[in-house]
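Structure first, then comments.
FYI, it's all coordinate maths here, none of it is from the lab. Since the structure is predicted, the reported quantities are computational estimates derived from the model, not experimental observations. Backbone-built Cβ (ideal geometry, glycine too); neighbour counts: all protein chains shown.
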Amino acid sequence: MLDVEKPHSETHPHPDLSDWIGQRERAHGCVTHHAALTIRATLVGEGEEQLGGDTMPHLWHWYAFPPTASVDGLGADGHPKLGGFLPPVPLERRMWAGGILEFFQPLKVGEPLERRSSITNVVEKSGASGQMVFVTVQHDIFTDRGLCVREQQDIVYLDIPERFNPPPAKPVPRATDDAVIVIDQTVPTSEPLLFRYSAITFNAHRIHYDLPYAQAVEKYPGLVVHGPLQAQLLMDAASKWAGKAPMLFKFRGVHPMFHQNDLRLVGTQNVSEDTGTRKLTLCTALGDQHQGMQATAEWEED
């Protein structure tokens, strides 16, 4: 269930996008036992079943609030049409660029959740890829125990180019005298994985499952691996390595990744850094060629 407070200028034929700053929305959701089974089947495969009352892995709140726009309410790209909670940005490509998450209390399977969202910033820029609009959204996740997760979500809007023009490749981390590789694993990607991830998030964005659309309309060479899926895989790898979930997690996409190539997960620990926290630098990668998503995870020292 959604409750959206809309800005007055939404009805104006040429609204000022900055008017959306301060817009708020509330949503109520839950990761039910059955939903937990489908999430685990998508992300983990065989393993211990998540039962009602069990602590959820970090980031599973993303699957508690599926969008409720009708099919008639979707745009040509499969996203809900613009101009509701999010501003009506006149650019056709929309991407989840990154985020910052703080975790205060665990969330549990089956418990009611409330998400209080607000738009905190809208910035228009012009760069090498043309006009861009960045929208920052803050999500606070509550249970009856209080605030559990605070999340900053960064969304970027761009024009669709005439041909695929990838960003500069960022090199994959290597071991050095000061940094050691502590995570290095490969996750197979496939059309079924991307379809199932779209399903558990109820995400109809066609770049993730409609190959003719992704190639002909948005000019990608393949189906795009979801940013949140990459973030979830990095979070899970980091939590397994540390033996517990982090208190802080940051991520941002730096290069699109496609379904034809398996994802490499890399985690690097700086052995010379002493900040009072335990920190891991992470990325997804295409083999040794380039990074896809960059992330950091931090734990308080025991």
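Given +1 on the Cβ of Lys and Arg, -1 on the Cβ of Asp and Glu, and no further charges, what dipole in debye does segment 1-159 carry about its Cα centre, rounded to the nearest 20?
Values: 13 positive and 22 negative charges, 21 e Å.
Dipole size: approximately 100 debye.
Treating only the Cβ atoms of Lys and Arg (+1) and Asp and Glu (-1) as charged, compute the dipole magnitude of the chain about its Cα centre; round to the nearest 20 debye.
In total the dipole reaches around 360 debye.
If you look at just the Cα atoms of segment 176-256, how large are its Rg and its Dmax in Å?
15.4, 46
Ignoring solvent entirely, what values of log10 I(q)/I(0) come out of the Debye formula for segment 91-138 at 0.19, 0.28 Å⁻¹ when each Cα is a single scatterer?
-0.82, -1.24
Per residue and in cubic angstrom, what volume does the convex hull of the Cα atoms of segment 89-188 have?
Numbers: hull volume 21.3 nm³, N = 100.
Cα-based convex hull of segment 89-188, divided per residue, equals 213 Å³.
Could you let me know the centre-to-centre spacing of segment 105-181 and segment 188-218, using Cα atoms, in angstrom?
Spelled out, the Cα-based centre of one part sits 19 Å from the other.
Please report, in whole Å, how far the alpha carbons of segment 163-302 spread along each principal axis, starting with the longest.
Principal extents (largest minus smallest coordinate, Cα): 49, 30, 20 Å.
No solvent, one uniform scatterer per C-alpha: report log10 I(q)/I(0) for segment 219-294 via the Debye equation at q = 0.18, 0.25 1/Å, two decimals.
Reported log10 I(q)/I(0), two decimals: -0.73, -1.21.
What is the chain's relative contact order, in percent, from Cα pairs under 8 angstrom and six or more apart in sequence?
About 18 percent, as a whole number.
Please compute the contact order of segment 21-153 in relative form: average sequence separation of alpha-carbon pairs under 8 Å and at least six residues apart, divided by the residue count, as a percent.
In percent, rounded to a whole number, it is 31.
Among the lysines, which have Cα under 30 Å from the Cα of K279 when same-chain residues fewer than 8 positions away are ignored?
K108, K170, K240, K244, K250
Over all distinct Cα pairs, what is the inverse of the mean 1/r for segment 1-159, reported as the Kirkwood hydrodynamic radius in Å?
On the way: mean 1/r = 0.0581 Å⁻¹.
Kirkwood hydrodynamic radius for segment 1-159: 17.2 Å.
Counting Lys and Arg as +1 and Asp and Glu as -1, what is the net charge of the other residues whose Cβ lies under 12 Å from the Cβ of Q294?
+3
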